[in-house]
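Any read-out appearing in this document is the output of simple, stated calculations on the displayed coordinates, not a laboratory observation. Worth saying up front: this structure is predicted, and the values here are computed from it rather than measured. Please note: Cβ atoms are built from the backbone with ideal geometry, for glycine as well, and neighbour counts cover all protein chains shown.
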Amino acid sequence: MIIDCHAHIVEHLSGTGARGEVRPIGSGKVRFLDGGEQIVIPKQYGDQEFLAETLIELMDEAGIDKAVLLQGLFYGLQNEYIYECVRKYPNRFVGAGSFDPYIEQAEEILERLIKHYRFKILKFELSTGFGLSGLHGELKIDGKEFERVFLTAAKEETVVVLDIGERGMKSYQIDEIIKAAKLHPNVKIVLCHLLAVNGEDIDLWKDDMKCLGKCDNIWFDITAVPWNVKEAYPFAMSMDLINEAKKIIGSQRMMWGSDVPQLLVMEEYRKLYNFLFLDDRFSESEIDDLLYKSATNVYGIK
């Protein structure tokens with residue numbers, strides 16, 4: 001089995017962030033309000049959308065069994081669409097809800113995500129460029145807004161997924177995450193992108209991994225490491241970094257994700273995971289941890 005633990009579907013691009021609204025301008029490209037442009041969906045897979053059916057077709061071609069559908073402000077929140085697609089394709093998708101904890105009706109929205117949509121995963125994009133810290137400069141992971149999230153997660157057995165961006169961003173709050181993890185030891189917390197490691201400040205990154213690794217309820221996805229490193233297949237430096245992470249926290253607390261559709265701009269779907277097989281520093285059992293075992297344990301996937 002192969003589980004993509006970090007994928008996205010988009011009914012219609014409608015994002016926002018620190019750079020203003022993210023406006024689709026066709027052929028999978030968006031324009032930010034600051035004038036910058038970026039391709040986020042290869043044009044052969046969508047114009048202003050990346051639909052569930054497109055993802056399933058690509059999963060079948062790449063030999064991927066299931067995908068965890070996460071969300072972010074960059075694409076625009078997709079709660080209704082993800083809910084509908086999980087109901088339509090329950091054997092292929094597990095869905096995550098998302099919202100802005102700082103909105104006036106945060107408590108009501110959180111309850112609806114749990115009770116009505118029945119999400120067992122909540123994902124928060126916190127990075128400064130594309131996430132909540134770009135909208136809320138006062139954001140604190142151990143603050144009252146997120147304390148509400150953690151308390152609900154503990155009560156409802158819900159996984160909390162955080163993308164904290166990279167070192168130097170306001171969202172990169174290691175101490176606050178550790179505080180929240182210790183205060184809520186029964187809440188499973190997943191940190192995205194292996195802390196956005198990019199090959200620089202490796203010693204500092206290792207220190208952060210060691211500190212976080214002391215909390216037994218924290219896991220890491222290794223999504224988009226090649227993107228952050230900015231290297232071509234077969235992603236040799238990325239594999240070195242993933243191996244260093246394994247030494248610190250062990251493969252049972254790591255899981256692979258693709259970050260499609262954005263990563264399809266740089267490489268085909270299958271190659272986003274099969275580079276893991278090219279390194280003899282990982283045993284077959286450790287590869288299984290990365291590709292499905294850790295995800296099944298964290299997200300309760302059957």
Could you give the semi-axes, largest first, of the ellipsoid that matches the range 105-246, computed as the square roots of 5 times the alpha carbon gyration tensor eigenvalues and rounded to whole Å?
27, 16, 15
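Which whole number of Å³ per residue matches the convex hull of the alpha-carbon atoms in the chain?
That works out to 119 Å³ per residue.
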Cα-Cα pairs in the range 1-79 separated by more than 18 Å, as a whole percent of all pairs, come to 43 percent
Counting C-alpha atoms alone, how compact is the range 1-155: give Rg to one decimal and Dmax as a whole number, in angstrom.
16.0, 44
Around LEU126, with a cut-off of 14 angstrom between Cβ atoms, what is the net charge of the other residues, counting Lys and Arg +1 and Asp and Glu -1?
-4
Over the range 164-302, what per residue volume does the convex hull of the Cα atoms give, in whole Å³?
110 Å³
For PHE282, net neighbour charge (Lys/Arg +1, Asp/Glu -1) across residues whose Cβ lies under 15 Å away:
-3
Working out 0.36 nm times the residue gap between LEU135 and GLN38, then minus their Cα-Cα distance, what length gain in nm do you get to one decimal?
32.9 nm
Kindly work out what percent of the DSSP beta bridges joining two residues of the range 3-299 are antiparallel, to the nearest 5.
30 percent
If unit charges are put on Cβ atoms (+1 for Lys and Arg, -1 for Asp and Glu) and the dipole of the range 3-299 is taken about its Cα centre, the option from THR128, LEU151, LEU13 lying farthest towards the positive end turns out to be LEU151
Taking only C-alpha pairs under 8 Å that are 6+ residues apart, what is the relative contact order of the chain in percent?
18 percent
